[in-house]
Ligand SMILES: Cc1ncc(COP(=O)(O)O)c(C=O)c1O
């Protein structure tokens, strides 16, 4: 075989390989939009079973470890609420994506990253995971220094009873909520969030505990219950969470497929 034929064959092969990997990526992206449609349908049905309309339950597509191209695909399908829980990953994605995305920071936030999060995400919709006074204070100061409107925050509650570094005990939720409401004028206390068990599954007791926490907070802080969100329910249990009053479900793998953490190591 002469050299030029060899080169032609190798170029064709390379093109075929790159075409097939981009076709595969496009298929995965198409699959995410399809999976989202399916999730939205299930959310509507669960909301109806709980006597509510679908617009009363927000779906946050948890895009952590997933590329911006997949988020863009869901954005093009009209989805706007996305959740991330690594600050640096979110800061990298924000400039690559439209600025009307409503970003949720979900899970534990280290207090020393509050400023970077607020500064790097002008379209931060809500922080779901304030679990101590220091992180609340740092978020409050960051919002003040940037002269932004008040930031919505949810207090994270450990509803599993398991030993966990993150989330306040149910007995402490009123105190932290009170701190946010009364001492942090640049934050808007908007409700409660839970992850459930340490392995990220949930039991009905976890949802019940969060709902009871909301009743206590509502009474003590004199905020009507229906003005306080309950962020609970993930891929495996969002329908049950909605039936038990969730207003905000955070769904990752059912929409985007399994997460690949290898790049994080
Ligand atoms: C706080 C939080 N909520 C929701 C999710 C989404 O979980 P799932 O993939 O089970 O929907 C994650 C994923 O890591 C998470 O960290």
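No value in this document is a laboratory result; all are computed from the given coordinates. Keep in mind that this is a model prediction, so the values were computed, not measured. Note that each Cβ is placed from the backbone with ideal geometry, even for glycine, and that neighbours are counted across all protein chains shown.
Values computed for the structure shown
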{"read-out": "Residue match in the stretch 86-93 (condition: buried (at least 19 other Cβ atoms within 10 Å of the Cβ), within 16 Å of the ligand (Cβ to nearest atom) and under 25 Å from residue 170 (Cα atoms))", "value": "no"}
{"read-out": "Subset tally (residues that are buried (at least 16 other Cβ atoms within 10 Å of the Cβ) and either near the ligand (Cβ under 10 Å from one of its atoms) or assigned to a loop (DSSP other than H, G, I, E, B) (or both)) for the stretch 235-244", "value": "4"}
{"read-out": "Extreme residue, farthest from the ligand (Cβ to nearest atom), among residues of the stretch 219-234 that are crowded, with 16+ Cβ neighbours inside 10 Å and under 27 Å from residue 200 (Cβ atoms)", "value": "228"}
{"read-out": "Cβ-Cβ under 8 Å pairs, at least 6 apart or on other chains, the stretch 124-137 side without any contact (Cβ under 8 Å) to a residue 60 or more places away in the chain and at positive phi, far side within 15 Å of the ligand (Cβ to nearest atom) and part of a strand (DSSP E or B)", "value": "none"}
{"read-out": "Complete set of residues in the stretch 69-85 that are out of contact with any helix residue (DSSP H, G or I) (no Cβ under 6 Å at 6 or more places or on another chain) and more than 16 Å from the ligand (Cβ to nearest atom)", "value": "69, 72, 75, 76, 78, 80"}
{"read-out": "Odd one out for residue 135, checked against (1) surrounded by 17 or more Cβ atoms within 10 Å (Cβ to Cβ); (2) under 16 Å from the mean Cα position of the chain (by Cα); (3) within 16 Å of the ligand (Cβ to nearest atom); (4) farther than 19 Å from residue 253 by Cβ", "value": "(2)"}
{"read-out": "Any chance residue 161 is within 16 Å of the ligand (Cβ to nearest atom), closer than 24 Å to residue 235 by Cβ and either surrounded by 19 or more Cβ atoms within 10 Å (Cβ to Cβ) or free of Cβ contacts under 8 Å to residues at least 12 places away in the same chain (or both)", "value": "no"}
{"read-out": "Hits in the stretch 245-265 (condition: in a loop (DSSP other than H, G, I, E, B), in contact (Cβ under 8 Å) with a residue 60 or more places away in the chain and under 16 Å from residue 65 (Cα atoms))", "value": "252, 257, 259, 260, 261"}
{"read-out": "The stretch 245-260, subset more than 9 Å from the ligand (Cβ to nearest atom) and touching a helix residue (DSSP H, G or I) at 6+ places or on another chain (Cβ under 9 Å), residue farthest from residue 56 (Cα to Cα)", "value": "257"}
{"read-out": "Condition broken by residue 96, with the remaining ones in (1) out of contact with any strand residue (DSSP E or B) (no Cβ under 9 Å at 6 or more places or on another chain); (2) surrounded by 15 or more Cβ atoms within 10 Å (Cβ to Cβ) satisfied", "value": "(2)"}
{"read-out": "Top-ranked residue in the stretch 102-123 [being surrounded by 15 or more Cβ atoms within 10 Å (Cβ to Cβ) and in a loop (DSSP other than H, G, I, E, B); ranked as nearest to the ligand (Cβ to nearest atom)]", "value": "107"}
